[in-house]
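Nothing in this text is a laboratory measurement; each read-out follows from the coordinates by a stated rule. Quick caveat: nothing in here was measured; it's all calculated off a predicted structure. All Cβ positions, even for glycine, are placed from backbone atoms using ideal geometry, and neighbour counts span all protein chains on display.
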């Protein structure tokens, strides 16, 4: 399409009529009237008698001649705009995200290959360049200028049409922009609304012409749309991986889900896909096999006929590195069997340190598991700082008189404010009723005198109901609790619990508190129509608490085969559950669970001082190591709106494992403390976003064109665009004046009128 000097008819239609000498059209009309009146006066009397029609004919001819002469003398002109070819700009914006690599077009052609063929090989851009200055851009979540199709990579992990349109507007601001051609599949996965920007272009008379690429319905595909898994696990712990799978065309199909650690298959399961287009979640369980940062590869079995294969796999990171042992304070009233076997259960686990303070007799105490000569040298910690160094506290058969009022309050603060874990294991002294301990526990405490007769007396051997042998019963919550997980398989776990030896005796408590949950209950004994809770838990303030009202779990260790580790597993998991909830001095959090290349990583560090209070006066420095082992240092800034919170951010530019080290220097100068630094890791993986809802969104593309004043084309008919696109008022143009007085047809008309007048007058005998 070429634009040149406008022709006469176009000028009359689109231009503005004026007289070169500045005469108003209204004045010209008045002169026409006066000329007509003047001619009429001259024909009132003629040398020969004429009929009225002939008089009118001669008046019309003579008036027309005079008016035509006056019209030419006044130099009439038509002023119009002439668009200058090669002076008007046209932006071509091409989607370069990963979804453009999908081969869903004829003969297995990728979307990007079809775009390159249509725009470059078939000459569409060459044809448009005859009339426009072409500026070509590629975009994903960022936009940049390109020179040709060889600069298209199909590697963008996200796409933002709004960002692309805004970038073009900024880059070509001030230039005569005649329009924009947007080439995309419309799979916009940003949070911005491109319609608002397109509407703004329309208000400025800059149309956006859209070209849709791809199929509107992908007939066959299975894709992972979401993965959720623990980022950090403790040695020997089982954790769940939740996988969300969506599909088209494989309803009811059996597919294999598998998780690989390098070349080793960790776990696999055959699942059945649901209804087409409906996302289903599946769950796999993993026990890390090595103490390391492990990148697992999750795979969905590729099926015949799948158009997209890149969304069948995904990688995620689990931190199973060796960590400092969780410090647990264990206070015991006497050297009972339960005490011995709890310590034995923990002895082989380096992730747990049980610092015990055991009363062996009147005013006689024994310390075990201590790290220094001063630890617990004065008995129960004397102040909050010393107590708060532990992550959890376990109370055995210990009497109320062991604590003073301040220590009891410190225990409540430890759970509610420090966020530590608390377990009352075994006997609960009646004197604790009304104390902070009673507030912490998930069960109510009842004076013995208020209990039914058959429940009084605590644990008494023999025929007394509270001292009889029984098989513990898991509640519905207990069956699926990670605390009580003896096997990763549900059915096997239940079978193992049924095989455990009988326990003997239970201490009686009241009903469960609101919000608490019972994990194990007595199979027979009840209080107020509720089974007696054996193991119960609840949240309390920032921490969590648990009560275990039997002192006979040691029987499992004694009566099970030596190879059976059920007792060890149970106690380790209970203690970890208590301790892992306690916040550390430094906590590192990320704004997302998984990151993709090009994402912004927002790091949030929560800093507590030695009293476990928010520290707003610390100095934080973050060191980042990327997969290329490049180190970047950056300060972390205090978030003025949140106490103890510091923030930093950076762009994840490489795929792989990143590690972070946050170093803290507090206002108190505690830089030598090992707790003054914290490490964390995360993995950057290929994005799934571009393959989720990757069909051509022709609706969005058509709406963008509509609100901007442009037109929508499918890629197959994009060649028609060259004949459709028009210049706009924003194009480079100049005013052109076209003279009307010297038109050949105007002279011919004048001669014709004079000839008709002369012949007519001679015919009628007029002079």
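Figures for the structure shown
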quantity: CD proxy at 222 nm, helix term only [per DSSP H run n ≥ 4: -39500 (n - 2.57); per residue of the chain; nearest 500]; calculated: -7000 deg cm²/dmol
quantity: Approximate spin-label separation residue 433-residue 145, in nm, with each point projected 7 Å along Cα-to-Cβ; calculated: 8.5
quantity: Taking N as its residue count, the alpha carbon Rg of segment 222-369 over 2.2 N^0.38 Å; calculated: 1.56
quantity: Sequence ranges 547-557, 577-587, 367-377, ranked by mean other-Cβ count within 10 angstrom, highest first; calculated: 547-557, 577-587, 367-377
quantity: Fully extended contour minus Cα-Cα distance, from residue 153 to residue 631, at 0.36 nm per residue; calculated: 169.3 nm
quantity: With Cα atoms, 0 to 90° folded angle of helix 405-416 axis to the chain main axis; calculated: 40
quantity: Extended-chain gain in nm, criterion 0.36 nm per residue less alpha-carbon gap, residue 334 and residue 560; calculated: 78.9 nm
quantity: 16 Å cut-off, amide nitrogen to a point 7 angstrom out along residue 322 Cα→Cβ, residues in segment 343-361; calculated: 348-353
quantity: Cα-based helix-to-principal-axis angle, 566-579 vs the chain, degrees rounded to 10; calculated: 60
quantity: Label-point gap, in nm, between residue 109 and residue 370 - each point 7 angstrom along Cα→Cβ; calculated: 8.2
quantity: Among 89-98, 348-357, 403-412, the order from most to least packed when residues are scored by Cβ within 10 Å on average; calculated: 89-98, 348-357, 403-412
quantity: Cα shape, segment 242-313, gyration tensor, a/c 1.5 rule; calculated: prolate
quantity: Antiparallel bridge percentage (DSSP; both residues within the chain; nearest 5); calculated: 70
quantity: Calculated FRET value between residue 651 and residue 301, using beta carbons and R₀ = 30 Å, to 0.05; calculated: 0.30
quantity: Crossing angle, helix 194-203 versus the chain [Cα axis fit, 0-90 degrees, rounded to tens]; calculated: 20
quantity: Sorted by Cβ density within 10 Å, fewest first, the residues 692, 685, 42; calculated: 42, 692, 685
quantity: Order of 755, 72 under a 10 Å beta carbon neighbour criterion, fewest first; calculated: 755, 72
quantity: Cα centroid separation - segment 594-653 against segment 444-500, whole Å; calculated: 46
quantity: For segment 204-276 and segment 343-364, distance of Cα centres in Å; calculated: 47
quantity: Projected area averaged over orientations for segment 586-690, convex hull of C-alpha atoms, nm²; calculated: 6.8
quantity: Contact order relative to length of the chain, as percent, for alpha carbon pairs under 8 angstrom and 6 or more apart; calculated: 16
quantity: Cα centroid separation, segment 546-577 to segment 278-318 (Å); calculated: 34
quantity: Projected-area average for the chain over all orientations - Cα convex hull basis, square nanometres; calculated: 53.5
quantity: Normalised alpha carbon radius of gyration of segment 74-196 [divisor 2.2 N^0.38 Å]; calculated: 1.26
quantity: Full-stretch length increase - residue 377, residue 24 - with 0.36 nm per residue and alpha-carbon distance subtracted; calculated: 115.9 nm
quantity: Segment 368-477: radius of gyration over Cα atoms, expressed as a fraction of 2.2 N^0.38 Å; calculated: 1.28
quantity: DSSP-defined beta bridges in segment 331-454 - what % are antiparallel, rounded to 5; calculated: 40
quantity: Residue 405/residue 489 FRET efficiency (R0 60 Å; Cβ-Cβ; nearest 0.05); calculated: 0.80
quantity: Förster-model FRET efficiency, 56 Å R0, residue 752 and residue 723, C-beta, rounded to 0.05; calculated: 0.90
